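Participant: The structure follows.
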Amino acid sequence: MQQQTATLIGATGLIGGKLLRLLEKDASCTAIKVIVRSAFSSKNPKVQVVQINYNDAEGFKSAIEGSDVFFCAIGTTMKKVKGDKTAYRKVDYDIPVNAATFCAELGVERFVLVSSVGASTKASGFYLHLKGEVEEVIKELAIPSIAFMRPSMLLGNRKEFRLAEIIGKPVMQLLSLIMPANMRAIQAEDVAKAMVAAAKHGKPGVTIYHYKEMLQMAKQQSSV
């Protein structure tokens, strides 16, 4: 990214928070728009916080206008939506797809999305099938450069308590040497670094990044 405006949704999440901090330190990113639905503050002069209702299409589109690259790290959990799959879909499908659609209409050149390992419309599980749906729609949009990050379990300290992750992380780390590379747990920091590197690279078309590719891109970003 050279003297460009980056826009981010999902800044309050594990990856999004680390991504925001990376962008704040990146000299090539001169302006950052953080789109949120709830109150959020930043003391960094590069950051402009735009609070919107994601159901307000015009407001959402207006918030994206002027962006050179768009980062999507938004997501929810079944616990947050109390098991309501319709409510879950409104966050994990509607928001990313609408954001990408507006990006295409506004001429945003690069779109970087946090998806999931195993994302596929052929998957039988709700979560992976939904992630696959999102990817399928977005990859057909007229955005010059699209990058899908497909991490497995994320390592890092979340603000929220997730018992399954606390139990699962040590197991995943112990099994990492014998399991397929794509399934290995990865630091959220590395995913965020890979997102920034992918945006800078701006590879034409659709590119999917799994564990090894994300680590490679993260290494490139760290060396900058």
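The values are calculated or read from the model by the stated rules, or taken from the named source; none is laboratory data. Not measured: the values here are computed from a predicted model. With ideal geometry, Cβ positions are generated from the backbone for all residues, glycine too; neighbour counts draw on all protein chains shown. Please note that ligands, DNA and RNA were not included when accessible areas were found on the heavy atoms of the full protein model with its side chains. Shrake-Rupley method; radii C 1.70, N 1.55, O 1.52, S 1.80 Å.
Participant: Take the range 97-121 and flag every residue that is over 12 Å from the mean Cα position of the chain (by Cα) and assigned to a strand (DSSP E or B).
Facilitator: The answer is R110, and nothing else.
Participant: Let me ask something additional. List pairs: first residue in the range 197-224 and farther than 19 Å from L20 by Cα and at pLDDT 95 or above, second residue among the hydrophobic types (A, V, I, L, M, F, W, C) and open to solvent by 60 Å² or more (accessible area, probe 1.4 Å) anywhere in the structure, Cβ distance under 9 angstrom, at least six positions apart or on different chains.
Facilitator: Y211/M183
Participant: Taking only the range 122-141 into account, find how many residues are of a type outside the set (A, V, I, L, M, F, W, C) and assigned to a helix (DSSP H, G or I).
Facilitator: Number satisfying all stated conditions: 7.
Participant: Taking the stated definitions as given, is V97 farther than 20 Å from K203 by Cα and hydrophobic (A, V, I, L, M, F, W, C)?
Facilitator: Yes; evaluated as a whole, the condition is true for this residue.
Participant: Being more than 22 Å from M183 (Cα to Cα), surrounded by fewer than 19 Cβ atoms within 10 Å (Cβ to Cβ) and among the basic types (K, R) is the filter here; which residues of the range 107-158 pass it?
Facilitator: K139
Participant: Considering only residues of the range 186-223 that are in a strand (DSSP E or B) and out of contact with any strand residue (DSSP E or B) (no Cβ under 6 Å at 6 or more places or on another chain), which is nearest to E140 (Cα to Cα)?
Facilitator: G205
Participant: Name, by its number, the condition in (1) surrounded by 17 or more Cβ atoms within 10 Å (Cβ to Cβ); (2) under 25 Å from A198 (Cα atoms); (3) touching a Phe, Trp or Tyr at 6+ places or on another chain (Cβ under 9 Å) that does not hold for D94.
Facilitator: Condition not satisfied by D94: (1).
Participant: Only one of (1) at pLDDT below 95; (2) surrounded by 19 or more Cβ atoms within 10 Å (Cβ to Cβ) is not met by S176, so which one is it?
Facilitator: (2)
Participant: Return the only residue of V112, V81, V47 being closer than 27 Å to I186 by Cα and in contact (Cβ under 8 Å) with a residue 24 or more places away in the chain.
Facilitator: Testing whether each residue is closer than 27 Å to I186 by Cα and in contact (Cβ under 8 Å) with a residue 24 or more places away in the chain leaves just V112.
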